[in-house]
1. Residue by residue through the range 142-161, note down the ones that are touching a residue at least 12 places away in the same chain (Cβ under 8 Å), charged (D, E, K, R) and over 15 Å from Pro20 (Cα atoms).
2. When the range 136-152 is examined, which residues are found to be exposed (fewer than 14 other Cβ atoms within 10 Å of the Cβ) and of a type in the set (A, V, I, L, M, F, W, C)?
3. Out of curiosity, is Ala118 over 30 Å from Ser164 (Cα atoms), in contact with a strand residue (DSSP E or B) (Cβ under 8 Å, 6 or more places away or on another chain) and assigned to a helix (DSSP H, G or I)?
4. Restricting the first residue to the range 67-79 and requiring it to be modelled with pLDDT of 90 or more, which pairs with a second residue that is of a type in the set (Ser, Thr, Tyr) and loosely packed, with under 13 Cβ neighbours inside 10 Å meet a Cβ separation below 6 Å and a spacing of at least six or different chains?
5. So in the range 38-55, with the set limited to residues that are closer than 28 Å to Val72 by Cβ and surrounded by 12 or more Cβ atoms within 10 Å (Cβ to Cβ), which one is modelled with the lowest pLDDT?
6. Can you tell me which residues in the range 125-141 are without any contact (Cβ under 8 Å) to a residue 60 or more places away in the chain and either among the polar types (S, T, N, Q) or in a strand (DSSP E or B) (or both)?
7. For the range 90-106, which residues satisfy the criterion of being surrounded by 19 or more Cβ atoms within 10 Å (Cβ to Cβ) and either in contact (Cβ under 8 Å) with a residue 60 or more places away in the chain or closer than 16 Å to Pro20 by Cα (or both)?
8. Is there a residue being out of contact with any Gly (no Cβ under 7 Å at 6 or more places or on another chain), at pLDDT 70 or above and surrounded by 16 or more Cβ atoms within 10 Å (Cβ to Cβ) anywhere in the range 163-181?
Amino acid sequence: MAAAQLDLMPGEHMVLSGNPHWWYFWKQVVAGIGVLALLFLLFSIDSDWVSTAITWVAALAFVVWLANTIYVLVQWRTTRFAVTDQRVAYQSGIIRRSGVSIPLNRINNVNFEQSLIARILNNGVVTIESAGETGDSVFENIPNPEKVRTVIFGQMEADEQADSDRDAAAIRDALQGQSLGGSSGPTAQSRLDELEELHRRGSVSDEEFEIKRRQIVEDL
């Protein structure tokens, strides 16, 4: 595609990425069938003036169809839906680019919808409910939407687990205490700041906070 890949942030890894489903071109396919019908009609009429008129109409229709198909093809190639280990992203546009990026920790739910034809074609709509002003984000023509939903949920769980691991490590360091000696060790003030932040986030109970705060203060 023209803007081939999503620009990743430092430390971010791509999990799933792709262009819209080929059903994106259904209007161009129908229009192409119409142009072919005009050409068939052209060869089946004997009248010269009618044949000439149909020739001009068919030629004009073909030029319009070709230009539109090329435009839509470029538009398709510059549209990308992606899931990384940090967010869900969607970007589109040829000259003027636009996009949306939803952090995994702000996603509340992921739904997908498929009609009977869409199920046969393995195509569908993915709706992401997220916290924020934008509300629901609807993405159409997503290939294999059920798999996409599963992948997003998997990354959400992995992101939550990573946050839990980081919190557990921070709590362990705060509650066990670290040596103040040496230039590499944290200062008492930094330990207090870290402990207060954990308490504010609810990772440390009031009792644990008071016990550890007194320990740090006594070490001063």
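The values are calculated or read from the model by the stated rules, or taken from the named source; none is laboratory data. No experiment lies behind these values; they were computed from the predicted model shown. Note: ideal-geometry Cβ built from the backbone for every residue, glycine included; neighbour counts use all protein chains shown.
1. Correct list: Arg149, Asp159, Glu160.
2. Val138
3. Yes; evaluated as a whole, the condition is true for this residue.
4. Cβ pairs passing all conditions: none.
5. Leu42
6. Step one: filter the range 125-141 for residues without any contact (Cβ under 8 Å) to a residue 60 or more places away in the chain, giving 125-139.
If the condition is that a residue be without any contact (Cβ under 8 Å) to a residue 60 or more places away in the chain and either among the polar types (S, T, N, Q) or in a strand (DSSP E or B) (or both), then Val125, Val126, Thr127, Ile128, Glu129, Ser130, Thr134, Ser137, Val138, Phe139 are the ones that fit.
7. Matches in the range 90-106: Tyr90 only.
8. No, the range 163-181 has no match at all.
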